[in-house]
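Here the structure comes first, spelled out in structure tokens, and everything after it is commentary.
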Amino acid sequence: MATEIASLYARVGADISSFQRDMKRVKGDLSDAEKTAAAFGNALKLAVGVGVAAMGALAVGIGSSVKAAGSMEQQVANIAAVMKLTSGEVEALNKLILDLGIDPKLKVSAVEAAQAIEMLGRNGLTMTEIMDGAARSTILLANSTGADLATAADLATDVMAMFNIAANDMDRAVDGITGTITSSKFSINDYRLAMAQAGGVASSVGVSFD
């Protein structure tokens, strides 16, 4: 009898040990499953976050493009109104603005190029003069001297008017202005004021722009 009881205890103990091992394996499997689920959840959150961020960036990009297109359209409309342009001239103007905006030698956006052209138009330049080089020279003058486009446009039109410089010769004038400012203590505003005060008198007595 004692032997049977001992044998029974041994079997029960073995069964309990086996059960405990099985439970540990189950617990381990559950832990692995939890980790896998957590990892999947994090990955899903990351994917959703990236997707939302990408959609947000796309929306911002589209919004910026729409805004830029609207600004450009408004600028062209302003120029057409100021200069009383025909539909054919507006088409040529659009091409000029785009060409200036992609010119590798200029630092200007298409909208800024349109703003410069509007200023030249308000200062009395004709569409032909703007197309023949006045617009490009004005932007080049602003780039090379650090002037804003309004100041560059005013100075360019003053120089053209006072010294009878043609639009297609304005690059030479820009070189002269830039050289003077670089080699002196003049700022672009000093130069513009000096030109406004003395340029007309100098030109009337035969002094050349050079």
Test residue 204 against the criterion of being among the hydroxyl-bearing types (Ser, Thr, Tyr) and either touching a residue at least 12 places away in the same chain (Cβ under 8 Å) or under 29 Å from residue 75 (Cα atoms) (or both), and give yes or no. no
Report, by residue number, each residue of segment 95-126 that is open to solvent by 20 Å² or more (accessible area, probe 1.4 Å), assigned to a helix (DSSP H, G or I) and either farther than 23 Å from residue 180 by Cβ or of a type in the set (Phe, Trp, Tyr) (or both). 95, 96, 98, 99, 101, 102, 110, 111, 112, 115, 118, 122
Enumeration of residues in segment 127-137 that are open to solvent by 10 Å² or more (accessible area, probe 1.4 Å) and not basic (Lys, Arg): 127, 128, 129, 131, 132, 133
So is residue 90 among the β-branched types (Val, Ile, Thr) and in a loop (DSSP other than H, G, I, E, B) or not? no
Segment 141-194: number of residues that are among the polar types (S, T, N, Q), assigned to a helix (DSSP H, G or I), open to solvent by 60 Å² or more (accessible area, probe 1.4 Å) and more than 19 Å from residue 100 (Cβ to Cβ): 3
How do the pairs read when you match residues in segment 146-170 that are closer than 20 Å to residue 204 by Cα with residues anywhere that are open to solvent by 30 Å² or more (accessible area, probe 1.4 Å) and outside any helix (DSSP H, G or I), using Cβ under 6 Å and keeping only pairs 6 or more apart or on different chains? 157/123; 163/209
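The values are calculated or read from the model by the stated rules, or taken from the named source; none is laboratory data. Note that this is a predicted model, so its numbers are computed, not measured. A quick note on method: Cβ atoms are made from the backbone with ideal geometry, for glycine too, and the neighbour counts reach across all protein chains shown. Each accessible area value is taken on the protein alone, full model and side chains, heavy atoms only, with ligands, DNA and RNA left out. Shrake-Rupley method; radii C 1.70, N 1.55, O 1.52, S 1.80 Å.
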